[in-house]
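Shown next, in structure tokens, is the structure this report addresses.
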Amino acid sequence: MAHRRFELTTLGTGAALPARGRFPTAQLLNVHEALYLIDCGEGTQERLRVAGINLVRIGHIFISHLHGDHYLGLMGLMSSMHLVGRTAPLHVHGPRILKEIIDLQLRASVTYLRYPFTFHALEPVSGAVVWEDAHVVVRTLALKHRLPCTGFLFEERPALRHLRTEKLPLIPQFKRNAVKAGEDLRFPDGTVLTNAELTLDPPPPRRYAYCSDTAYEPTLVPHLRGVDLLYHEATFTEQLKKRAQETLHSTAAQAATIARDADVGRLLLGHFSSRYKSADELLAEALPIFPRTALSYEGATFPVIERSIV
Ligand SMILES: [Zn+2]
Ligand SMILES: [Zn+2]
């Protein structure tokens, strides 16, 4: 079977202030060559350029909440898409008030976008399907933060069924796609070969969950159960647990606890406070609780690997 790409590129991994070579939050998710941008901190379009991404290919932008480090790059990016003559539709998903912010800025600059633009208002609830297309189904996650804040769960569409090699000679070429899609094979003489005889299950659909920004929120665990890759913010270490509580952020230990309790495949940490010169101490805190943890960093790409083979 052809390899189906499902991978995450972290474009910005800093919290609040751009500092120490880190940029505000932005991620690019590639699901079977369809591109989804998740958050859009200041400078995101520059990070996309560095990563060699053609802006026209991004069909959807998901904004978690309206703290500046998660969306101040949006107008610049939308404006550049306009200037390069984009004609492909753009969908932006975010808190309801974001629509007013976008409209006001377009009105103030007397800009009439050259591409169709659709806004989808999000509510911070867990489990609501907010988008589905041929590649992916996207659900929201209710995060616990100072503003309404939405995480996202991306689940790829299942692959087609695999044809059993030994049965290939029995399946006419023109019927193969139908059989891969689940149909039985009926011959003119009335014989039926059931789909179960002809095919094998495809690999289970992979899932990626994005949790930023949030305080420690155990009610997320059932929604995150068994995801293949979990990104969870880790703004502080346990030493600053009180500060994490006050600002409704998480420590690295808390992120790892969520990952362990939800039995995820891998955990990716990010949203590091600018007080940490290196994120290694955050990683060191998470590893004893959840060993399959890695640090995100600017421009890094992480494949979403099926949890059972991690
Ligand atoms: Zn933030
Ligand atoms: Zn925030």
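All but one of (1) modelled with pLDDT of 95 or more; (2) basic (K, R); (3) within 26 Å of G21 (Cα to Cα) hold for K242; which doesn't?
Condition (3) is where K242 drops out.
Restricting the search to segment 64-100, which residues are surrounded by fewer than 22 Cβ atoms within 10 Å (Cβ to Cβ) and within 16 Å of ligand 2 (Cβ to nearest atom)?
Passing the criteria: L66, H67, G68, L72, P95, I97, L98.
How many residues does segment 56-82 hold that are modelled with pLDDT under 95 and within 19 Å of V110 (Cβ to Cβ)?
Looking only at that region, the number is 0.
Among (1) in contact with a Pro (Cβ under 8 Å, 6 or more places away or on another chain); (2) open to solvent by less than 10 Å² (accessible area, probe 1.4 Å), which single condition is P205 missing?
Going through the list (1) in contact with a Pro (Cβ under 8 Å, 6 or more places away or on another chain); (2) open to solvent by less than 10 Å² (accessible area, probe 1.4 Å), P205 breaks only (2).
Counting only residues that are aliphatic (A, V, I, L, M) and in contact (Cβ under 8 Å) with a residue 24 or more places away in the chain, which one in segment 102-114 is nearest to G73 (Cα to Cα)? First the steps, then the outcome.
So in segment 102-114, the residues aliphatic (A, V, I, L, M) come out as 102, 104, 106, 108, 110, 113.
Retained after the next criterion (residues that are in contact (Cβ under 8 Å) with a residue 24 or more places away in the chain): 102, 113.
Values: I102: 12, L113: 17 Å.
Checked segment 102-114; the qualifying residue nearest to G73 (Cα to Cα) is I102.
Test R4 against the criterion of being more than 15 Å from ligand 2 (Cβ to nearest atom), of a type in the set (D, E, K, R), surrounded by fewer than 21 Cβ atoms within 10 Å (Cβ to Cβ) and at pLDDT 95 or above, and give yes or no.
Numbers: more than 15 Å from ligand 2 (Cβ to nearest atom): yes; of a type in the set (D, E, K, R): yes; surrounded by fewer than 21 Cβ atoms within 10 Å (Cβ to Cβ): yes; at pLDDT 95 or above: no.
It is false that R4 is more than 15 Å from ligand 2 (Cβ to nearest atom), of a type in the set (D, E, K, R), surrounded by fewer than 21 Cβ atoms within 10 Å (Cβ to Cβ) and at pLDDT 95 or above.
Any chance segment 35-43 includes a residue that's over 24 Å from V304 (Cα atoms), within 21 Å of the chain's Cα centre (by Cα) and not hydrophobic (A, V, I, L, M, F, W, C)? It would help to see each step written out before you state the result.
Taking segment 35-43 as the starting set, the residues that turn out to be over 24 Å from V304 (Cα atoms) are 42-43.
After this cut, where a residue has to be within 21 Å of the chain's Cα centre (by Cα) as well, the list is 42-43.
Going one step further and asking which of them are not hydrophobic (A, V, I, L, M, F, W, C), we end up with 42-43.
Yes; the residues of segment 35-43 include at least one that is over 24 Å from V304 (Cα atoms), within 21 Å of the chain's Cα centre (by Cα) and not hydrophobic (A, V, I, L, M, F, W, C).
Looking for something within 16 Å of ligand 1 (Cβ to nearest atom), in contact with a Pro (Cβ under 6 Å, 6 or more places away or on another chain), closer than 29 Å to V221 by Cβ and open to solvent by 20 Å² or more (accessible area, probe 1.4 Å) - is there at least one such residue anywhere in segment 109-124? Before you say what the answer is, go through the steps one by one.
Taking segment 109-124 first, the residues within 16 Å of ligand 1 (Cβ to nearest atom) are 124.
Right, trim to in contact with a Pro (Cβ under 6 Å, 6 or more places away or on another chain) and you get 124.
Subsequent filtering for residues that are closer than 29 Å to V221 by Cβ retains 124.
Still in the list and also open to solvent by 20 Å² or more (accessible area, probe 1.4 Å): 124.
Checked against the condition, which is being within 16 Å of ligand 1 (Cβ to nearest atom), in contact with a Pro (Cβ under 6 Å, 6 or more places away or on another chain), closer than 29 Å to V221 by Cβ and open to solvent by 20 Å² or more (accessible area, probe 1.4 Å), segment 109-124 yields at least one hit.
Suppose the filter is within 21 Å of I63 (Cα to Cα), modelled with pLDDT of 95 or more and away from ligand 1 (no atom under 16 Å from the Cβ); does L230 pass it? Break it down into steps so the answer makes sense when it comes.
Values: within 21 Å of I63 (Cα to Cα): yes; modelled with pLDDT of 95 or more: yes; away from ligand 1 (no atom under 16 Å from the Cβ): yes.
For L230, the condition - within 21 Å of I63 (Cα to Cα), modelled with pLDDT of 95 or more and away from ligand 1 (no atom under 16 Å from the Cβ) - is met.
Can you name the condition, by its number, that P172 falls short on among (1) under 18 Å from L282 (Cα atoms); (2) without any contact (Cβ under 8 Å) to a residue 40 or more places away in the chain?
Status for P172: all satisfied but (1).
What's the total number of residues in segment 48-78 that are away from ligand 1 (no atom under 16 Å from the Cβ) and not aliphatic (A, V, I, L, M)? Write out each step before concluding.
Step one: list which residues in segment 48-78 are away from ligand 1 (no atom under 16 Å from the Cβ), which gives 48-61, 75-78.
Now narrow it down to the ones that are not aliphatic (A, V, I, L, M): 49, 52, 54, 57, 59-60, 76.
Of the residues in segment 48-78, 7 are away from ligand 1 (no atom under 16 Å from the Cβ) and not aliphatic (A, V, I, L, M).
Which of the residues that make up segment 208-231 are more than 16 Å from ligand 2 (Cβ to nearest atom), in a loop (DSSP other than H, G, I, E, B) and open to solvent by less than 60 Å² (accessible area, probe 1.4 Å)?
Residues satisfying the conditions are G226, V227, D228.
Using beta carbons and a limit of 6 Å, which pairs, at least six apart or on different chains, have the first residue in segment 16-27 and farther than 13 Å from C40 by Cα and away from ligand 1 (no atom under 11 Å from the Cβ) and the second one open to solvent by less than 30 Å² (accessible area, probe 1.4 Å) and hydroxyl-bearing (S, T, Y)?
Listed pairs, sorted by first residue: R22/T13.
For segment 131-142, state whether one or more residues are surrounded by 15 or more Cβ atoms within 10 Å (Cβ to Cβ) and within 16 Å of ligand 1 (Cβ to nearest atom).
Yes; the residues of segment 131-142 include at least one that is surrounded by 15 or more Cβ atoms within 10 Å (Cβ to Cβ) and within 16 Å of ligand 1 (Cβ to nearest atom).
Confirm whether K144 is basic (K, R) and assigned to a helix (DSSP H, G or I). Walk me through how you get there before you give the answer.
Numbers: basic (K, R): yes; assigned to a helix (DSSP H, G or I): no.
In short, no.
The values are calculated or read from the model by the stated rules, or taken from the named source; none is laboratory data. Everything quoted here is computed from the prediction, not taken from an experiment. As a convention, Cβ positions derive from the backbone with ideal geometry for all residues, glycine included, and neighbour counts pool all protein chains shown. The accessibility values were calculated without ligands, DNA or RNA, using every heavy atom of the protein model including side chains. Shrake-Rupley method; radii C 1.70, N 1.55, O 1.52, S 1.80 Å.
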